[in-house]
1. Expressed in nm to one decimal, what extension gain is obtained for the pair Asp34 and Asp13 from 0.36 nm per residue of sequence separation less their Cα-Cα distance?
2. Quick one: if you stick a label point 7 Å off each Cα along the C-beta vector at Glu186 and Arg50, how many nm between them?
3. Sum -39500 (n - 2.57) across every DSSP H segment of at least 4 residues in the chain, then divide by the residue count to get the 222 nm mean residue ellipticity, nearest 500.
4. Most fluctuating residue of Glu210, Glu85, Glu122 in a GNM of the chain with Cα springs under 10 Å: which is it?
5. If I build a Gaussian network model for the chain, linking alpha-carbon pairs within less than 10 angstrom, which residue out of Val29, Val242, Val124 has the largest mean-square fluctuation?
6. Could you tell me which of Phe62, Phe257, Gln206 has its Cα farthest along the dipole of the chain towards the positive end, charges placed at Cβ (Lys, Arg +1; Asp, Glu -1), taken about the Cα centre?
7. Taking Cα atoms, how many degrees apart are the long axis of helix 176-186 and the longest axis of the chain, rounded to 10 and kept between 0 and 90?
8. Students often forget the sequence filter, so: which aspartates and glutamates lie under 17 Å Cα-Cα from Lys133 once same-chain residues fewer than 8 apart are removed?
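Derivation of every value follows stated rules applied to the coordinates shown; laboratory data play no part. Remember, predicted model here, so these are calculated numbers, not experimental data. Note: ideal-geometry Cβ built from the backbone for every residue, glycine included; neighbour counts use all protein chains shown.
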Amino acid sequence: MNIPANPGDVITDATHWGRDDFPDDRSWVRPIPDWVIDDIAKALPGLRERTLHPRDIRPEHFPLPRSGAFLAEVNGHLEAGPGFELLSGFPVDDFSYEDTALAYTGLAAHFGRISIQSHLDEYVVDVSDKGEKMGTGARGHYGSESLPFHADGANTVTLLCLQTAPEGGESLLVSGAAIYNAVLGEHPEYLDILYRGFHHHRRGEQAPDEAPVTPWRSPVFSFYGDQFHITYVRPSINYCEVEGTVITEAENRALDFVDSVIARPEIQVSMSLKPGDLQLVNNFVVLHSRTEYFDTPKQQRRLIRLWLDTPASRHNGPGKMDWYMPEHSRFLATRGHLLEGFAALPN
Ligand SMILES: [Fe+2]
């Protein structure tokens, strides 16, 4: 259970963890039980027949009658536990690619609504190397380079691994609460800067007539509904300077300290996703990263990514939706007026 938290509190609940709590030995990975796999296989034909758009898939379209306890445990870990889960044994070899993606989407719908991920209208994203480089015009999920620690959009990001690369592509997670506690304990003078937050570059997600930089600041650390929230994408902050936004020396010092905390090996949890592994991460609680990977002609890394919007969650803080798809952000619709510089979006 999460302990209510407010600015200045040291966070001591299950959202605070480090490397030693989740060693890189898969001892804590949760296998998907056989009866859940059986439920998934039985629910697939019905979902296939409905030919629904992913955004319209609801749990009742993919009934999993014997999986209730399993789903509740996973959801509890995302919502009130460490904020992430790694499941193993999703039957990726039993289905075609299309059926695997559909079954994954049906299962994921039990954890939240399938959310849009970009203005290309992407809902089910094939994560593989398409030669894209991260920059002011691209977000980086179609490349193979290492990605700095960041949060994704909506409540939860989930990946299903179909194939690994022969080398690299390790998945890394860091507890937002661990970062916050370090700033609070070691450099509390940076907190006001991090609560005030930063403008973010929209990296090609804006319409041609829209500014490339958000006119509002998003806090790195915030507290809503007695819950701690983090959101952080350092490159999206830095790219604003290209557009003329000034980042002060004090702001850069605060950001550099956050980066130095994130880089501490003892707070990073590392895992190598294997085919059939299904990772879920709460974007308001955990930052994630991926190391560079190297495909070969015979073996290419491939995953399917979904973003899940979870209206029932107690976590609804500022985040990536606000920068890239503000019209789909539940936070801006409900609490955006609390951000510095935010003006209500047109209906
Ligand atoms: Fe990401």
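1. Result: 4.4 nm gained on full extension.
2. 4.8 nm
3. Numbers: 9 runs with 89 residues, N = 347.
Calculated from helices alone, the mean residue ellipticity at 222 nm is -7500 deg cm²/dmol.
4. Glu210
5. Between Val29, Val242, Val124, it is Val242 that shows the largest mean-square fluctuation.
6. Phe62
7. Its long axis makes an angle of about 30 degrees.
8. Once the sequence-local aspartates and glutamates are set aside, what remains near Lys133 is Glu145, Glu205, Glu292, Asp295.
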